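Questions regarding the structure given below will be posed in turn.
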Amino acid sequence: MEDLAARRRRVLVDVDWVADHLRDPSLVLLEVDDRPALYHRGHAPGAQLVDWAADLQDPVRRDLPGPEAMKALWERLGITAGSTVVFYGDLNNWLAAYGYWLFTAFGLPDVRLLDGGRQQWIMRGLPLTVDVTGPRERGGAPDPVLHQEMRAGRNDVVAAARGGHLVDVRTPQEYSGQWLSEPEFPGETAHRPGHIPGARNIPWDLAVSLNGCLRPSEELAELYGAAGLVPDQSVITYCRIGERSAHTWIVLHDLLGYRQVRNYDGSWTEWGSMTGMPIARGSDRGVMPVDFTG
């Protein structure tokens, strides 16, 4: 079994690695921000902008992009089967983590995350540019195939709430029902506050150090083990719109080697807006009603 150190090297790159590989023709460096205007104020040389709303979502339905849209995006970005794709962004890599999860879910073989994201690049005083970068090459993108086992739907969530591990990675205030969403994101709300009955609350940012980098893998293993998670049992993560839960998916599945981890990308904005869905409030996990089938 691959050890934690080897997993970390395969998943994360640091700012020094990126700085040393900026001229590597196989590197595709992608910035994903909550506020795309940050990219135009200055970004790592060679980085291309990926827009969370326009590029990583279906333009009409509340859903992932389809395979054709994903291939068109990969072609636009100059991604080939031999590319090393590195995501980074603001907010300690919230949306960069979603991009990582999405590209991995569609079968891209070498996707990595810049540990510490945009914050770490700037803190280290590394160069920024306002030049808008295009791809080094076009054509040759692989055919995307969605790995459904990385994604959870409502029925999967109901089953996990009863007999698996369902993890709500939002803030305690969102989990308890005090907030519909974090105050700085008023447009990303559901109709009702609270959490899915049976879910335990392990906020995503417990995995992040003050400098924005992920905590050492041994500390992460202890954190999630102490919360009751077991590496060989099924885990489903969710948040509000699927981006923070993608971050925890990376930690559990790719860094710690949990075998069966799925991201419920519909998350609370789906569950908390649908008629008839059971909701728990307060700090207690609650229990999924026995007669609820989803």
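Please treat every number below as a calculation from the coordinates, not as lab data. Because the structure is predicted, anything quoted here is derived from the model rather than measured. Neighbour counts run over all protein chains shown; Cβ positions are idealised from the backbone, glycine included.
Taking every DSSP beta bridge that has both residues in the chain, what percent is antiparallel when rounded to the nearest 5?
Restricted to the chain, the bridges split so that about 10 percent are antiparallel.
Cα centroids of segment 23-38 and segment 39-111: how far apart, whole angstrom?
About 9 Å separates the Cα centre of segment 23-38 from the one of segment 39-111.
If packing is taken as the average number of other Cβ atoms within 10 Å across a peptide's residues, how do 241-248, 267-274 rank, most packed first?
Output ranking for 241-248, 267-274: 241-248, 267-274.
Against the longest principal axis of the chain, how steep is helix 217-226, in degrees 0 to 90 to the nearest 10, with axes from Cα atoms?
So the inclination is approximately 10 degrees.
Turning to a different aspect of this structure: Could you tell me which residue out of His253, Gly153, Asn211 lies farthest along the dipole of the chain toward its positive end? Charges go on the beta carbon: Lys and Arg +1, Asp and Glu -1, centred on the Cα centre.
Gly153
Under unit Cβ charges (Lys, Arg +1; Asp, Glu -1), what dipole magnitude, rounded to 20 debye, does segment 149-271 have relative to its Cα centre?
380 debye
Follow-up. Could you tell me how many degrees, from 0 to 90 and to the nearest 10, lie between the Cα long axis of helix 154-163 and the main elongation axis, the longest principal axis, of the Cα atoms of the chain?
Orientation of helix 154-163: about 60 degrees from the principal axis.
Provide the convex hull volume over Cα atoms per residue for segment 217-294, in Å³.
With only Cα atoms used, segment 217-294 gives 112 Å³ per residue.
As a footprinting exposure proxy, order Thr237, Thr129 by other Cβ within 10 Å, with the fewest listed first.
Thr129, Thr237
Shifting gears a bit: Which residues among segment 88-130 fall inside the zone where the amide N is under 19 Å from a point 7 Å beyond the Cα of Arg215, along Cα→Cβ?
Under cut-off, by backbone N: 92-94, 115-117.
Which value, in Å³ per residue, describes the convex hull spanned by the Cα atoms of segment 4-146?
111 Å³
Could you give the nm distance between label points at Arg9 and Glu137, where each point is 7 Å from its Cα heading toward the beta carbon?
According to this spin-label approximation, the distance is 2.6 nm.
Can you give the three extents of the C-alpha atoms in segment 149-271 along their principal axes, from longest to shortest, in whole Å?
Reported extents, whole Å, longest axis first: 38, 36, 21.
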